[in-house]
Amino acid sequence: MITAGPLSTSDLAATVRASIHGDVVVPGDPSFPAAVFGITGATPELVVVAADATDIGRVAELAGRAGRRVLAQITGRPTEVTAERTILVITRLLARVRIDAARRTATIGIGASWRQVLDAAEPFGLTALSAAADVVAPRATAFAFAADRIRSFEVITATGEQRRVGRDDPRFYALRHGQTAPGLVVAMTLDLVPQPSVMVAELTFAGADAEPVLAGWQRWAVRLPRTAVTGIAVGPDGDTLVIRVAQIHRAGGWDALVASLPAAVGARPVHVTTGPATTAAVARGDVVADRLALAG
């Protein structure tokens with residue numbers, strides 16, 4: 001059980017503000033509503049916008065002395081404050097990615113998006129694997145599982161100490177599997193892999209054909225090889241359906257795969273784009289392609 005320390009909120013805020021490089025926001029400040037936007041549950045006692053991992057360590061140390069809890073808000077993920085007297089740490093300034101091309105590694109700060117990682121690795125002819133890679137790129141199951149490529153974690157302990165937890169540390173495997181952590185993970189380093197050649201196609205169908213296209217696409221999608229992934233969405237004009245498919249180029253049979261879709265859905269596309277891309281381009285929604293017309 002944590003017992004509140006003697007510091008008042010204003011005293012705690014002043015102490016934290018004097019000890020870090022980032023910003024401190026308290027209830028009543030004009031910027032407080034923006035600082036806690038999207039946060040659910042109890043109101044944080046104060047919000048810290050950390051400038052770096054050292055800030056987080058200092059906040060953890062001061063919170064421990066003052067009997068407060070610390071909760072990190074990670075960009076793009078829901079955050080719920082479950083207890084009073086909680087210091088909420090905003091980590092968006094730590095969302096950085098550093099690529100070591102020689103070692104083929106990426107060091108990823110807390111809060112960085114997978115798109116940031118893919119974009120940073122792309123210029124070096126490298127890419128990263130994610131357990132969620134089947135959403136944005138050819139499936140991770142075509143390679144080794146992503147978690148197996150993590151080399152180490154950077155962790156801030158409850159006493160504010162920053163530690164590296166590598167594969168030789170028994171706590172590494174608990175962290176890798178999302179189990180109880182010895183502190184707050186602020187970064188991880190993982191192995192990258194050579195960028196595979198990816199083929200991408202977008203087939204646009206008229207809205208009048210939406211019903212058969214959707215039904216046919218669902219039947220077609222379940223028969224795709226494991227080296228391919230597909231998705232469907234309403235077109236930007238609101239009156240078309242766009243089907244996207246991507247496949248690792250080395251698998252072969254690309255032209256036949258794309259040509260099989262119109263037959264499967266029973267409709268001719270309005271237009272088709274197809275060509276090579278990278279996993280980063282697929283994640284961004286780009287297609288490096290020439291506009292073609294399907295015969296039929």
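In summary, strands (runs of 3 or more DSSP E) completely within segment 71-117 and bearing 2 or more residues that are outside the structural domain of Gly166 (by TED's automatic domain parsing) and surrounded by 14 or more Cβ atoms within 10 Å (Cβ to Cβ) occur at 79-81, 86-90.
Of the strands (runs of 3 or more DSSP E) lying entirely inside segment 179-278, those carrying at least 2 residues that are touching a residue at least 40 places away in the same chain (Cβ under 8 Å), in contact with a Lys or Arg (Cβ under 9 Å, 6 or more places away or on another chain) and not hydroxyl-bearing (Ser, Thr, Tyr) are 184-191, 198-206, 228-234, 271-277. Tallying residues that are on the phi > 0 side of the Ramachandran plot and either surrounded by 15 or more Cβ atoms within 10 Å (Cβ to Cβ) or not assigned by TED's automatic domain parsing to the domain that holds Ala277 (or both) within segment 199-239 yields 0. Screening Asp169 against (1) free of Cβ contacts under 8 Å to residues at least 12 places away in the same chain; (2) surrounded by 15 or more Cβ atoms within 10 Å (Cβ to Cβ); (3) part of a helix (DSSP H, G or I) leaves a single unmet condition, (3). Every residue in segment 240-256 that is crowded, with 17+ Cβ neighbours inside 10 Å and more than 22 Å from Ala280 (Cα to Cα), please. Listed by number, the residues that qualify are Thr240, Leu241. Of all the listed residues (Ala106, Ala131), the sole one being out of contact with any His (no Cβ under 9 Å at 6 or more places or on another chain) and either farther than 30 Å from Val229 by Cα or modelled with pLDDT of 80 or more (or both) is Ala106. Of the residues making up segment 21-46, those that are in contact with a helix residue (DSSP H, G or I) (Cβ under 7 Å, 6 or more places away or on another chain) and in contact (Cβ under 8 Å) with a residue 24 or more places away in the chain are His21, Gly22, Val24, Val25, Glu45, Leu46. Scanning segment 225-244 for residues that are over 15 Å from His271 (Cα atoms) and over 24 Å from the mean Cα position of the chain (by Cα) yields Pro225, Gly238. Scoring Val193 on the criteria (1) aliphatic (A, V, I, L, M); (2) over 29 Å from Arg104 (Cα atoms); (3) surrounded by 15 or more Cβ atoms within 10 Å (Cβ to Cβ) leaves a single failure, condition (2). Does Ala142 meet the test of being out of contact with any Leu (no Cβ under 8 Å at 6 or more places or on another chain), surrounded by 15 or more Cβ atoms within 10 Å (Cβ to Cβ) and modelled with pLDDT of 85 or more? In short, no.
The values are calculated or read from the model by the stated rules, or taken from the named source; none is laboratory data. Just so it is clear, the model here is predicted, and its values are computed rather than measured. All Cβ positions, glycine included, derive from the backbone under ideal geometry; neighbour counts span all protein chains shown.
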